[in-house]
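Notes follow the structure.
The values are calculated or read from the model by the stated rules, or taken from the named source; none is laboratory data. Because the structure is a prediction, the values reported are computed rather than measured. Neighbour counts run over all protein chains shown; Cβ positions are idealised from the backbone, glycine included. With ligands, DNA and RNA removed, areas are computed over all heavy atoms of the protein, side chains included. Shrake-Rupley method; radii C 1.70, N 1.55, O 1.52, S 1.80 Å.
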Amino acid sequence: MYISTKEAAQRWGISERRVRVLCQQGRIDGAMKSSWAYLIPSDAQKPRDGRQLRHRRQTHSSSTRIDLARLEAVQAEKSEEFAERCIAALPSFLLASFALASIRVSDADLTAIAAQRFSSELEFAPTILLANMRSLLQSYVRHYQRGVPIPPLGETALLEAMERLGQGLEPLGGWQIDEREAVAEALEVLVLQDSREFFDASVLERALFWYAEIIRIAPFSAYNELLAAVIYAQILIGGGWVPSLGSLEEIDEVRAALILTQRRGQYRHLIEVVAESYRSLTENSD
């Protein structure tokens, strides 16, 4: 029995384009070309990627000034109040996310969106993005409450998140992942590294890894920084963490840590900066 490249792409969490490339390279056992399409055995396994990973995960917990295990314990202790705490923290998270994307929004803009009306100070595109992102994050909280697990992270998940985030702002033809082979390979390595290097990482560490890598890869034509924040929040909320990127007063330090991460592929300082904001968050909630 055979499946199509589209079915294989959905099963493996990569693009259909990438599946065709793997078929062309002879890396999928039993795949054959029939007319213009490839046929793939239904029991075929996703090929392992032998390329060098961009960087290795470091043992952050022992080198940071913040005890990540302690922060995780604090989150778990307050699980019964999680939804309320998470919803209360969303305005601050939205303000920080948009600030890191260099889009100015204010408390008044958030109030207007919450009241389902347009802000007189905010342009159309940021208004749509703010409303869509707020709705997305609230849906993640509801999923957590119902015990809905986070779907496997990959190209399919990124495309679905972008379609919801950018609904109403789609380019002609809809949202599409950049077709350059370098982007496809970078996303494949991202998923590979997540499964190999970050499978046993703390929730915060894994979320920041995805956040920084989506910004670096920039798989879409616009709004990659906000997409990165959406995936970051999805991982955190799914793990029982209130999403936070720090306060507006801490944004410059977070941005500087992100730049360092992009240049060196090291997450230690970024984790320290964001974990520091979590320490303040947990202290204020005690």
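Odds and ends about this structure:
- Of all the numbered requirements in (1) touching a helix residue (DSSP H, G or I) at 6+ places or on another chain (Cβ under 9 Å); (2) without any contact (Cβ under 8 Å) to a residue 24 or more places away in the chain, ALA233 misses one, and that requirement is (2).
- Residue within segment 130-141 that is touching a Gly at 6+ places or on another chain (Cβ under 8 Å), open to solvent by less than 60 Å² (accessible area, probe 1.4 Å), modelled with pLDDT under 90 and at negative phi present: no
- Counted residues, segment 194-211 - those being assigned to a loop (DSSP other than H, G, I, E, B) and either open to solvent by less than 10 Å² (accessible area, probe 1.4 Å) or aromatic (Phe, Trp, Tyr) (or both): 2
- Whichever residue in segment 77-129 is part of a helix (DSSP H, G or I) and among the polar types (S, T, N, Q) and, among such residues, is modelled with the lowest pLDDT: SER79
- Of the residues making up segment 146-169, those that are open to solvent by 30 Å² or more (accessible area, probe 1.4 Å) and over 25 Å from THR111 (Cα atoms) are ARG146, GLY147, VAL148, PRO149, ILE150, PRO151, PRO152, THR156, LEU159, GLU160.
- Listed by first and then second residue, the pairs linking a residue in segment 153-177 that is within 26 Å of LEU208 (Cα to Cα) to a residue that is open to solvent by less than 50 Å² (accessible area, probe 1.4 Å) and charged (D, E, K, R), with Cβ atoms under 8 Å apart and 6 or more places separating them unless they lie on different chains, are LEU153/ASP194; GLU155/ARG18; ILE177/GLU155.
- Residues of segment 31-52 that turn out to be over 25 Å from the mean Cα position of the chain (by Cα) and open to solvent by less than 50 Å² (accessible area, probe 1.4 Å), as a count: 7
- Selected residue [in contact with a Cys (Cβ under 6 Å, 6 or more places away or on another chain) and assigned to a helix (DSSP H, G or I)] from VAL230, VAL141, VAL191, VAL183: VAL141
- Any hit, segment 237-247, residues being part of a helix (DSSP H, G or I), closer than 17 Å to ILE177 by Cα and small (Gly, Ala, Ser): no
- Selection count, segment 173-193, where residues are among the hydrophobic types (A, V, I, L, M, F, W, C) and open to solvent by 40 Å² or more (accessible area, probe 1.4 Å): 1
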